[in-house]
1. Out of 51, 42, 76, any idea which swings most in a Gaussian network model of the chain, alpha carbons joined below 10 Å?
2. Would you mind ranking 81, 9 by Cβ crowding within 10 Å, fewest neighbours first?
3. Taking the chain as the reference, fit the longest principal axis to its C-alpha atoms, fit the long axis of helix 65-85 to the helix C-alpha atoms, and give the angle between the two in degrees, 0 to 90, nearest 10.
4. What's the angle, to the nearest 10 degrees (0 to 90), between helix 95-122's Cα axis and the longest principal axis of the chain?
5. If packing is taken as the average number of other Cβ atoms within 10 Å across a peptide's residues, how do 105-112, 60-67, 12-19, 93-100 rank, most packed first?
6. Give me the distance between the Cα centres of the range 1-21 and the range 42-85, rounded to whole Å.
7. So for the chain, averaging the separation of alpha carbon pairs under 8 Å that are six or more residues apart and normalising by length, what relative contact order in percent results?
8. Could you work out the helix-only [θ] at 222 nm for the chain, with each DSSP H run of four or more residues adding -39,500 (n - 2.57) and the total divided by the number of residues, to the nearest 500 deg cm²/dmol?
């Protein structure tokens, strides 16, 4: 899996979770969903999650599944906790938004980074 596919996959999963996850709501401005905030949030979280493997390689840190898992966990759950505290067009309306949203985004981000690591480790 290359970086662009990983970025696209991470963006799509965050965008999808924002739209369908219970406990996550996109605020409306004059009865129109705020699409800009949703896309911006998805791009930022998707970029951060897709870049974990490359940040480790740029810093020349040894990569393990534990490091990938902890880093993507912090980014994924941290992003949903931040929008729970400071809504900016996407907001958390129940704890399930953080739990379900963070968990699904974390699993996809971990798998994408793990596949990147395995792909470049074989070369």
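Read the figures in this text as sums done on the coordinates, not as results from a lab. Worth saying up front: this structure is predicted, and the values here are computed from it rather than measured. Because the Cβ atoms are built from the backbone with ideal geometry, glycine has one as well, and the counts that use them run over all protein chains shown.
1. 51
2. Details: 81 14, 9 19.
Sorted ascending by nearby Cβ count, the order is 81, 9.
3. Value to nearest ten degrees: 10.
4. Relative to the chain, helix 95-122 is tipped by roughly 20 degrees.
5. 105-112, 12-19, 93-100, 60-67
6. Cα centres, the range 1-21 to the range 42-85: 13 Å.
7. Numbers: 167 pairs, mean separation 46.9, N = 123.
Computed over the chain, the figure is 38 percent.
8. -25000 deg cm²/dmol
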